[in-house]
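The values are calculated or read from the model by the stated rules, or taken from the named source; none is laboratory data. Here the structure is a predicted model, which is why all the values come from computation and not from measurement. Cβ sites come from the backbone with ideal geometry, for glycine too, and all protein chains shown count toward neighbours.
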Amino acid sequence: AQSVTQLDSQVPVFEEAPVELRCNYSSSVSVYLFWYVQYPNQGLQLLLKYLSGSTLVKGINGFEAEFNKSQTSFHLRKPSVHISDTAEYFCAVSESGFQKLVFGTGTRLLVSP
Amino acid sequence: DTAVSQTPKYLVTQMGNDKSIKCEQNLGHDTMYWYKQDSKKFLKIMFSYNNKELIINETVPNRFSPKSPDKAHLNLHINSLELGDSAVYFCASSQDLRTAYEQYFGPGTRLTVT
């Protein structure tokens, strides 16, 4: 069965600093990987996705993630964060052929001035 | 234009009551979902429907009954509400089952059972 682990429940960072949010997955078959963002009191929005091809994927708002098959990881990065990036970030996995997303427990990114 | 909308946004009710949450999407998608997000932000799928047909039912108590009158609507009815039902419920949609990995979420309904 597929599962997603986000080891960091909360990541505090100063504005304009770089950030990495970690995500590891387990699956016995090939997967699709995603990062979703949830701003306060809102629903989830797709930030970026890995389906195939280049292992480095770029998303909205300057975020990018790298798929590492050998380490079963899909870490999210941004070189310089803004206050407005404060939100909950969810990593998700979908096994090819399956019809649902499995989410991690989320990482709260707190950006302070 | 709101892509996926839910009503109500907030719902406060007492144990034992029956309540419904409505969801509508105007994206022309075939597939819709209900998720439950608990107080620790853990998000878990409850149901999915494709063209009004139930596809996924994830070990949810039968007090929860989804209904899809047409493919643009997926409502959630909850009978005999319990304290543990307090959560944020999200509706979502995807183009179809093949693109279930890319979902569009509604703003959520915060249900509080007292």
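Scan B:Tyr89, B:Tyr49, B:Tyr10, B:Tyr101 and give me the residue that is within 21 Å of A:Leu44 (Cβ to Cβ), at pLDDT 95 or above and either surrounded by 20 or more Cβ atoms within 10 Å (Cβ to Cβ) or touching a helix residue (DSSP H, G or I) at 6+ places or on another chain (Cβ under 7 Å) (or both). Criteria check complete, one pass: B:Tyr89. Those strands (runs of 3 or more DSSP E) of the stretch A:66-113 in which 1 or more residues are within 23 Å of A:Thr55 (Cβ to Cβ) and among the basic types (Lys, Arg) occupy A:73-78. Restricting attention to the stretch A:52-70 and to residues that are of a type in the set (A, V, I, L, M) and either touching a Cys at 6+ places or on another chain (Cβ under 9 Å) or buried (at least 16 other Cβ atoms within 10 Å of the Cβ) (or both), the residue that is nearest to B:Thr99 (Cα to Cα) turns out to be A:Val57. Criterion applied to A:Leu101, A:Leu46, A:Leu21 was being modelled with pLDDT of 95 or more and of a type in the set (A, V, I, L, M), and the one residue passing it is A:Leu21. Taken together, the criteria exclude B:Asp96 from residues that are away from chain A (no Cβ under 14 Å) and surrounded by fewer than 20 Cβ atoms within 10 Å (Cβ to Cβ).
From the list A:Lys78, A:Lys49, the one residue that fits, being among the charged types (D, E, K, R) and more than 10 Å from chain B (Cβ to nearest Cβ), is A:Lys78.
Filtering the stretch A:66-87 to residues that are in contact (Cβ under 8 Å) with a residue 40 or more places away in the chain and either closer than 28 Å to B:Asp30 by Cα or small (Gly, Ala, Ser) (or both) leaves A:Ser73, A:Ser80, A:Ala87.
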